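One structure below.
The values are calculated or read from the model by the stated rules, or taken from the named source; none is laboratory data. Given the structure is predicted, the values throughout are model-derived calculations rather than measurements. Cβ sites come from the backbone with ideal geometry, for glycine too, and all protein chains shown count toward neighbours. The area values use the complete protein model at the heavy-atom level, side chains included, leaving out ligands, DNA and RNA. Shrake-Rupley method; radii C 1.70, N 1.55, O 1.52, S 1.80 Å.
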Amino acid sequence: MTRELQSKDLQECINLIREMTTIIDPADDYLTITAAEEQMKVNYAKAKKENDEAYANLKSLSRLLDAARKSSTRPPNVPTVEQHAARLNEFDASRISLAKAIRDAENSLASKEAELAALKETARKLEESDPAQDHQRELDGLTLRLKVYKGMGFEPILPEDGQVAKMLIRGESGDVHCVMPNTNDFQKAGLAWGLATS
């Protein structure tokens, strides 16, 4: 029974294939397959062209990437970020110390300029002054003359008005004479010297 079933199924398959052969046209199928192969060749050529273009593009992009890599790497003579920061800190410290030195120098200059101005003023005053005249002003001329006269033996007696009222004269012998100013100057001087040498 199974054999019969199988043979019956087989017979049905054969019948189906025979029916289909009338429907299938090999020339038509050949043309379809040929057209498909032509289309595949065109598609393959187009895909190959696109792949070649993509590969060329990839190569140029790879060269650009390599160039970018080389340009982005730090040359050996350029300091690192840490070294750059350290250098900036050194420069800041140097700038601060230089600013302090400049400020100290300016302060010193200002004090030296003030000292120079004071010395110039002192020099100007000294050039304008006459020490002998200043000394003479400081001394009381009348007192000095009176001491000189007294040392020579002449002692004028001055009342409150400052005029000589009389003159005491000590002679070489030690005698004291009194002269009144009632004669002219020449006679008084002669008399005074005569008494002083007596």
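Within the full protein context, the accessible area of HIS84 is estimated at about 100 Å² for a probe radius of 1.4 Å.
Decide, for region 9-125, between rounded, prolate and oblate: order the square roots of the alpha carbon gyration tensor eigenvalues as a ≥ b ≥ c, take rounded if a/c falls under 1.5, and otherwise choose prolate if a/b is larger than b/c, else oblate. Verdict is prolate for region 9-125. A crude spin-label estimate for the pair ARG145 and ASP104, with each label 7 Å from Cα along the Cβ direction, gives 6.4 nm. Computed extension gain for ARG18 through ILE96, at 0.36 nm per residue and net of the alpha carbon distance, reaches 17.3 nm. Over all distinct Cα-Cα pairs of region 33-76, the Kirkwood formula returns a hydrodynamic radius of 13.0 Å. Under the convention that each Lys and Arg Cβ holds +1 and each Asp and Glu Cβ holds -1, the size of the dipole of region 1-118 around its Cα centre is about 760 debye.
Pull out the extension gain between TYR55 and ILE33, defined as 0.36 nm times the separation in residues minus the alpha carbon to alpha carbon distance; nm, one decimal.
Details: separation 22, 0.36 × 22 = 7.92 nm, distance 3.16 nm.
In short, 4.8 nm is gained.
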